[in-house]
Amino acid sequence: MEIRGMKLLSTLSLGEGMAGGEGLATHVGARGRRSLFVASEQAPYDFVVADVSDPTAPEVVYRHDLVGPHVRSNNLAIHEDLLAVTRQAKEMGASPAGVEFFDISTPSQPRSVGFFDASGGNSIGTHFVWLDGAGFAYLATQDSDYAARDPRDQFMMKIIDVSDPSRAHEVGRWWTPGTQRSDDEPAPVRPHQRLASARGESLTSEQVAARRVDHGGVASWDFGIRVHNVCVLPERPDRAYVASTSGGAFIFDIADRSTPRVVGELQYGATLPGAAHTFVPLGASGFGLLSDETLEEGAADFPQNVWVVDMRLEDRPQIVGSLEMPWPDSVPSEGRFGAHNLHEYPLGQGAWRDFNVAAGAFFGLGVGVYDVSTPLRPREIGRFVPGVDSEGPSRGQLNDVFLDDRAILYTIDRKSDTCFILELDGATN
């Protein structure tokens, strides 16, 4: 184990068969009682609830089972007493697919209060959900009408009204123009085409459709032009920050949620592998963080990084730096190693909301915590890597991270049922 800038308080087993997904959130109840909600990557569990009021002695208090192995939850969000959990099917058209809502006023007894259906047609349902605290949810999803020209372009952004979760309904949507069969616009330029154009080369249709293409020693990756995360914070409630995998990242004006309007677009340079996963503004600083997702074993798609984005000119966001990543001298061939999830400073969860400190989970590279008070000079202040002396996935594949307002950090392993609970050294929110 490698650890600095924090201390390990406890290790919690969430339940045999559990695999930590991309959903971590806390609920703050009566008398300061804290509950941690964890989404699962696979059956048998949908999500697990643990009492973390005392982070040195956490205890699982509830496990919610999935309806079957043909669906996974993957992601969840909380605002006060409302929990939203995604349903992503393994087969097109299968159900349930969409978002289920729960009343968690009693965290050990979640009560289903509504379901937003996104099944049918070619849909595999919903991958990501965000609650803004103003009665709206933002999804990375498909539905029965979603028919992409390229099967890699899986998810659009959909905005739904959840002021009454039992009657959740769509109010707006957006996808990259040209990705749908029904679009009048031409298909967007794909990463392989961008790199080929920079080299003055042309590609065959088979190359355009490939996941990886090599151009004279430079690899190009196409992971799909698909919405992955949507972040809406109270500091700018009229703005949504959207990561769209190989499609780059976007800033939206959502003052009119029925018609989300792009006001800024960040496209990766021709030689970056790029898989925009999480786009988070750093409060009102004019800067943000954009995390890629390394999707290949053994970091074959290196470098997938966490980029510092200058958004002071909102219509021209640009990469101006990156967070330090502790790359080993050699990367094991098994397991992922590189950027992934970031702490997103959500409202209504007892979350850490000091934008001077950032945290991220990076699979086999562990968890990193950073001082970003001067975004152009970010500085690592904490690192935790379980099993660092081991080879392969036993090093740990840390999938997500959540930092609460007590400076308690939670992180989960996508290859096991393990949740690590740590405390930052000397941090105050």
Once you sort the root eigenvalues of the Cα gyration tensor of segment 192-295 as a ≥ b ≥ c, which label holds: rounded (a/c under 1.5), prolate (a/b larger than b/c) or oblate (the other case)? prolate
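Relative to the Cα centre, what is the charge dipole magnitude of the chain, using +1 at the beta carbon of each Lys and Arg, -1 at the beta carbon of each Asp and Glu, and rounding to the nearest 20 debye? Don't skip to the end; give the middle numbers.
Details: 37 positive and 59 negative charges, 53 e Å.
Using Cβ point charges on Lys, Arg, Asp and Glu, the chain gives about 260 debye.
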Normalised by the residues of segment 261-310, what does the relative contact order come to in percent, with Cα pairs under 8 Å and at least six apart? 31 percent
Could you size up the charge dipole of segment 89-177 around its Cα centre, putting +1 on the beta carbon of Lys and Arg and -1 on that of Asp and Glu, and report it in debye to the nearest 20? 140 debye
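What is the mean projected area of the alpha carbon convex hull for segment 1-157, to one decimal in square nanometres? Walk me through the numbers on the way to the answer.
Values: hull surface 43.9 nm².
Answer in nm², one decimal: 11.0.
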In whole Hz and in residue order, list the ³J(HN,Hα) couplings for segment 194-200 that follow from phi through the Karplus curve 6.51 cos²θ - 1.76 cosθ + 1.60, θ = phi - 60°; x for Gly and Pro. 5, 5, 4, 5, 5, 9, x
Please name which of Val372, Gly387, Ala359 has its Cα lying farthest along the dipole of segment 303-391 towards the positive end, using unit charges on Cβ (Lys, Arg +1; Asp, Glu -1) and the Cα centre as origin. Val372
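Using the Cα gyration tensor of segment 232-358, with a ≥ b ≥ c the square roots of its eigenvalues, what is the shape: rounded (a/c below 1.5), prolate (a/b larger than b/c) or oblate (neither)? Working shown, then result.
Details: a/c = 2.08, a/b = 1.59, b/c = 1.31.
Verdict is prolate for segment 232-358.
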Partner lysines whose C-alpha sits under 22 Å from that of Lys158, ignoring same-chain residues fewer than 8 away, are Lys90
³J(HN,Hα), Karplus 6.51/-1.76/1.60, whole Hz, each residue of segment 176-182, x for Gly, Pro: 5, x, x, 8, 9, 4, 7
How do Val227, Val129 line up, fewest other C-beta atoms within 10 Å first? Val227, Val129
GluC sites (Glu not before Pro) within segment 1-97: DSSP coil, no more than 10 neighbouring Cβ in 10 Å: Glu16, Glu91
Exposed loop trypsin sites (Lys or Arg not before Pro) only (DSSP loop, at most 15 other Cβ atoms within 10 Å): please give the longest stretch of the chain free of them, not including the sites. 313-429
Relative contact order (percent) for segment 1-88, with alpha-carbon contacts under 8 angstrom and 6 or more residues of separation? 26 percent
Amide H to amide H under 5 Å from Gly21: which residues, 5+ apart in sequence or cross-chain, H placed 1.01 Å off N in plane? Ala39, Ser40, Glu41
Find which of Ser112, Leu9, Asn305 sits farthest along the positive direction of the dipole of the chain, computed with +1 on the beta-carbon of Lys and Arg, -1 on that of Asp and Glu, about the Cα centre. Asn305
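Quick check for me: using +1 on Lys/Arg Cβ and -1 on Asp/Glu Cβ, what's the dipole size of segment 168-213 about its Cα centre, in debye to the nearest 20? Spell out each step's value before the answer.
Values: 7 positive and 6 negative charges, 60 e Å.
The dipole magnitude comes to about 280 debye.
What shape does segment 338-422 have by the C-alpha gyration tensor, where a ≥ b ≥ c are the square roots of the eigenvalues, rounded means a/c under 1.5, and otherwise prolate means a/b greater than b/c and oblate the rest? Before the final figure, lay out the partial values.
Values: a/c = 2.37, a/b = 1.47, b/c = 1.61.
In terms of gyration-tensor shape, oblate.
We did not get these values from a lab; they are worked out from the coordinates using the rules stated. Not measured: the values here are computed from a predicted model. Every residue, glycine among them, receives a Cβ derived from its backbone with ideal geometry; neighbour counts consider all protein chains shown.
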